[in-house]
Amino acid sequence: MLRGARPFRLAFPPVSGFLRPRQLAVTLALAAAVFTALCWAVSVGEFGIPLPDVARALTGSGDPGTVLVVRELRLPRAMAGLLAGLAFGMSGALFQTMTRNPLASPDMIGLTEGAGTAVVAAIVLGWDFGLGTQALGLIGALASALLVYGLAWRRGTTGYRIILVGIGVSWLCLSATDFLMARGGRFQAQAALGWLVGNLNGRDWQQARPLALALVVLLPAALLTGRLMRTLQLGDDVAKGLGTRVQSVRLVVLLTGVGLVAFATAAAGPVAFVALAAPQIAQRLCRTAWPPTLASGLTGALVVLASDVVARELIPGTELPVGIVTGVLGAPVLLWLLIRVNRAGSGG
C-alpha cells in the first residue's frame, strides 16, 4: 500500500482507489489561497478596495461603482493570470511525470518558445492569416512538440531523449525569435518584447475567455492522463508488462500538455519558470512520488497572481511584466534542481 494512502471503494459509481489525506488537504488549502490571492489582486490599484468589498462585488452585490471596477476592469486581468498559472502548472506536472525528470517543463523543451516564435512572426511579419494569438500560439507549440517527438523517436521515445532534443529545439526557436525581433521595426519589436517577457498588463476578457473555454476540456484531460502515467513511473518495461500502451499514453500526455501551454502562452505570454517550479513545490507540499497535477496547477495560479501583485506594487507608478518577477523567483529554483539532479546521478 502507498504510504499515507487509504483505500476506498464506491458501489455507485463503481470506483475504487487510494485517498491521500495530506494531498487532499494541501489541494484544498491551495484552492483557498488562490481565491484569497485573486481577491488581493483585484483589490490592489490606484483605487484600493477592501477585501470584503471585493468578495461582495464578485457576487454582484455591493456598491455599483465597486462592482464595475472589480468585475469589468480588474477581474479579467486577475482571471487571465489565474488561468494561465493553472495551465502552466498542470502542463509542467504532466511533462515532469512523463519524463521522470524535474527539469522537463514546457519552457525547457521548446514548447513555450515555439508558441512565442509563432506569435512574434505574426506581430513582426504580419503573418497572422486572420488568426488570433490563441490559435497562433497553439500552432507554434504543436509544431515544436511534433518536431521534438519526431526527432526523439527511435523505435519509441524516452523521457531523456525528449529533454535533450527539446533543449535543442528550444534554442532554435529562440534564435528564430531573435532574428524576427532584429528584422522588425521599433514599434513591432517593442510589442513583441512586451509579450515575450510574460505580461498581464492590459489583459481583458478577450484573452481570458478562450483560455477558460480551453481549460474546460483540457483540465479533465490532464487529470485523466495523470492517472494513466502512474505506471510510467515504474519504467517503460514494467509499464508495458502491466499492459500500459506506453507510446500512446506519452503522445496523449504530450498533446494535452501542448494545449495547456499554448493557450496559456497566448493569453499571458511565456511567463518564465512557472511550469518548472510549481510542480516541484506542489510535490514537496503533498509529499508524493510525482508532481500532483491539480495541486501543481493551483500552485502555478498562486505564483502568477502573487507575482503580478508584486510586479505592480514593487516600483510605484510602474507596472513591471509579471514574467520578470517569476524569472527572479524561478532562477534559484532552477539552480537548486540542477544541483539536486546532479547529486542524484541523473544530471547527464
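The values are calculated or read from the model by the stated rules, or taken from the named source; none is laboratory data. The shown structure was predicted, so the numbers you read here are calculated from the model rather than taken from an experiment. Positions of Cβ are backbone-derived with ideal geometry, glycine not excepted, and every protein chain shown enters the neighbour counts. Calculation scope for accessible area: heavy atoms of the full protein, side chains included, ligands and nucleic acids excluded. Shrake-Rupley method; radii C 1.70, N 1.55, O 1.52, S 1.80 Å.
Here Ala272 fits the description: among the hydrophobic types (A, V, I, L, M, F, W, C) and under 22 Å from Leu174 (Cβ atoms).
Quick check, is Leu255 part of a helix (DSSP H, G or I), modelled with pLDDT under 90 and surrounded by fewer than 23 Cβ atoms within 10 Å (Cβ to Cβ)? Talk me through it step by step, then tell me what you get.
Details: part of a helix (DSSP H, G or I): yes; modelled with pLDDT under 90: yes; surrounded by fewer than 23 Cβ atoms within 10 Å (Cβ to Cβ): yes.
In short, yes.
Scan the stretch 29-57 for residues that are more than 26 Å from Leu314 (Cβ to Cβ) and of a type in the set (A, V, I, L, M) and the total you get is 2.
The set of residues in the stretch 190-220 being over 27 Å from Val310 (Cβ atoms) and open to solvent by 70 Å² or more (accessible area, probe 1.4 Å) consists of Leu213, Val216, Val217. Take Val258 and tell me if it is without any contact (Cβ under 8 Å) to a residue 60 or more places away in the chain, under 19 Å from the mean Cα position of the chain (by Cα) and under 23 Å from Ala295 (Cα atoms). When the stated conditions are applied, Val258 does not pass them. Counting the residues of the stretch 289-340 that are part of a loop (DSSP other than H, G, I, E, B) and among the small types (Gly, Ala, Ser) gives 2.
Here is a yes/no grid of residues against (1) on the phi > 0 side of the Ramachandran plot; (2) at pLDDT below 80; (3) open to solvent by less than 30 Å² (accessible area, probe 1.4 Å); (4) of a type in the set (Lys, Arg):
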| position | (1), (2), (3), (4) |
| --- | --- |
| Pro102 | no, no, yes, no |
| Ala122 | no, no, yes, no |
| Gln134 | no, yes, yes, no |
| Ala141 | no, no, yes, no |
| Arg155 | yes, yes, no, yes |
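Restricting attention to the stretch 181-189, does a residue exist that is within 20 Å of the chain's Cα centre (by Cα), among the aliphatic types (A, V, I, L, M) and open to solvent by less than 50 Å² (accessible area, probe 1.4 Å)? No, because not a single residue in the stretch 181-189 is within 20 Å of the chain's Cα centre (by Cα), among the aliphatic types (A, V, I, L, M) and open to solvent by less than 50 Å² (accessible area, probe 1.4 Å). Scanning the stretch 245-292 for residues that are of a type in the set (A, V, I, L, M, F, W, C) and at positive phi turns up just one, Phe273. Just checking, how many residues over the stretch 267-319 are open to solvent by 40 Å² or more (accessible area, probe 1.4 Å) and either modelled with pLDDT of 90 or more or under 22 Å from Ala104 (Cα atoms) (or both)? Counting residues in the stretch 267-319 that are open to solvent by 40 Å² or more (accessible area, probe 1.4 Å) and either modelled with pLDDT of 90 or more or under 22 Å from Ala104 (Cα atoms) (or both) gives 10.
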